[in-house]
Amino acid sequence: MKIYFDGCSRMWGGELENREQERFSALVCKKLNAEEHNFASAGASNERIVRQLLVENDIRDYDLAVIQMTFPSRTEYYDQKWRKVTIQDTLLWRPWKKKKSREHQDFWTYYYDKIHCEYQGKIREMITYQTIKNYCKVNSVPLILMTNNNWDTDLKFDIEIEHTRYPKTSGGHESKEGHQILAEDILSLLTAHK
Amino acid sequence: MRLYFGGGSDVNGAELGTDWNDRLSLRFSKLVSNNFYAEEYNVSVGGGGNHRTVRQLLTDFRPISSYDAVIIGMTSKYRTEYHDGKDWKRVKVIGNTPSKWWLENKLSTQKEERDFWREYFRIHSDEFFTFNERMYHTTIKNYCKLHNVPLILIGRREISDLEFDFCFDEPWISKAPKGHPDEAGHRAIADRINSILLFNKDFQKKL
């Protein structure tokens, strides 16, 4: 059995000490004796998740997809390589993190300040959501769809990560215990699905 | 019976007739709809991009299953749109094969935020637009397939390597001076769509 996982740092295992052993994707696969294929990356956008699902991988090779959508304000672009564009929250523009300068910073600052708006983000999120669900359904691959944007979205997800049910670290990611509970919830959903 | 048409100026009937009413009666969406005694629902717009086409399809006020067929013309992968807080604004990449140099340096067709969009084309390479086009193509196909709505997907061979039912730039479609299908071209397109639909088993059930 092969399971496809994708998302942002919440799926990647941000802030975990032993990420590859402690993240929920590893725990689920261990329990099901399945192969874990985790394509998540910190700071990833929904556009990256869709690109990897539709273009970079073949979902028909997998028995299950577990996908975690993220903040719709994030995006990506290709300039010699795929580059992530990440701001820290969903609604308001905040300066980039000081610790590292980024490529094309003036362009993206202008984008978030003058071009991007919340409504556009919502529509993009809805298109991404439909695209992921339809793609898995057409290819007959069961899907568990999660989000960490549950405070701001109107869309319905199987698991909403931004919840006190999942304990957090100081940086806002799920703790080791949070990942254990997420794994249990995914396994419960799979049992109910059967 | 109701038919959905989406896309850019080719679907909208650019260069047809002398006024808007002429265009409405001559474009292939009307001819196909008349052929099947169907309601024509044409949401195309000149300069419309694939993002707009997908957005309209997925957010239409009617469920997609209330249409008996969907006919979509995909457009230049460089076209995009943004929402300015009030309306969706097209980024006006006119013509089907603008050069990267033109996009990065001229973009004279774009009246609003032109400097920003020039910079956008400078820092987004072709890879980005090609991937996006492929994603939109897959999204449209899957959406119709899931809802069992027959789909005819039309492209332009000169700007895309993707698979289409046919392309607007094929030689059997005659053209007006600026490259859009002319009146005879629209009739030929309508004939082709009619025959594709008549051979489609899902569509046959609806007749």
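The values are calculated or read from the model by the stated rules, or taken from the named source; none is laboratory data. This is a predicted model, so every value here is computed, not measured. Here Cβ is always computed from backbone atoms with ideal geometry, including for glycine, and neighbour counts include all displayed protein chains.
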Next item on the list: Only residues that are at the interface with another protein chain (Cβ under 9 Å from one of its Cβ atoms), aliphatic (A, V, I, L, M) and surrounded by fewer than 22 Cβ atoms within 10 Å (Cβ to Cβ): list them for segment A:37-83, please.
Entry: A:LEU54, A:VAL55
Next item on the list: Starting from residues that are surrounded by 15 or more Cβ atoms within 10 Å (Cβ to Cβ) and among the basic types (Lys, Arg), keep the ones in segment A:147-194 and report whichever is nearest to A:ARG74 (Cα to Cα).
Entry: A:LYS168
Check: Taking B:ALA184, is it small (Gly, Ala, Ser) and within 18 Å of the chain's Cα centre (by Cα)?
Finding: no
Next item on the list: Please note which helices (runs of 4 or more DSSP H) are completely contained in segment B:5-55 and include at least 1 residues that are over 15 Å from the mean Cα position of the chain (by Cα) and either on the phi < 0 side of the Ramachandran plot or within 14 Å of chain A (Cβ to nearest Cβ) (or both).
Entry: B:20-26, B:28-35
Next item on the list: Only residues that are crowded, with 19+ Cβ neighbours inside 10 Å and at the interface with chain B (Cβ under 9 Å from one of its Cβ atoms): list them for segment A:125-135, please.
Entry: A:ILE127, A:GLN130, A:THR131, A:ASN134, A:TYR135
Next item on the list: Within segment B:66-77, identify whether any single residue is buried (at least 16 other Cβ atoms within 10 Å of the Cβ), more than 23 Å from B:ASP182 (Cα to Cα) and modelled with pLDDT under 95, and answer yes or no.
Entry: yes
Check: What helices (runs of 4 or more DSSP H), lying completely within segment B:116-207, carry at least 3 residues that are crowded, with 16+ Cβ neighbours inside 10 Å and of a type in the set (A, V, I, L, M, F, W, C)?
Finding: B:126-146, B:183-198
Check: Identify, please: which residue in segment B:64-81 is more than 13 Å from the chain's Cα centre (by Cα) and in a loop (DSSP other than H, G, I, E, B) and is, among those, farthest from B:GLN204 (Cα to Cα)?
Finding: B:TYR78
Check: Within the group B:LYS100, B:LYS89, which residue is under 17 Å from B:ARG122 (Cβ atoms), within 14 Å of chain A (Cβ to nearest Cβ) and surrounded by fewer than 20 Cβ atoms within 10 Å (Cβ to Cβ)?
Finding: B:LYS100
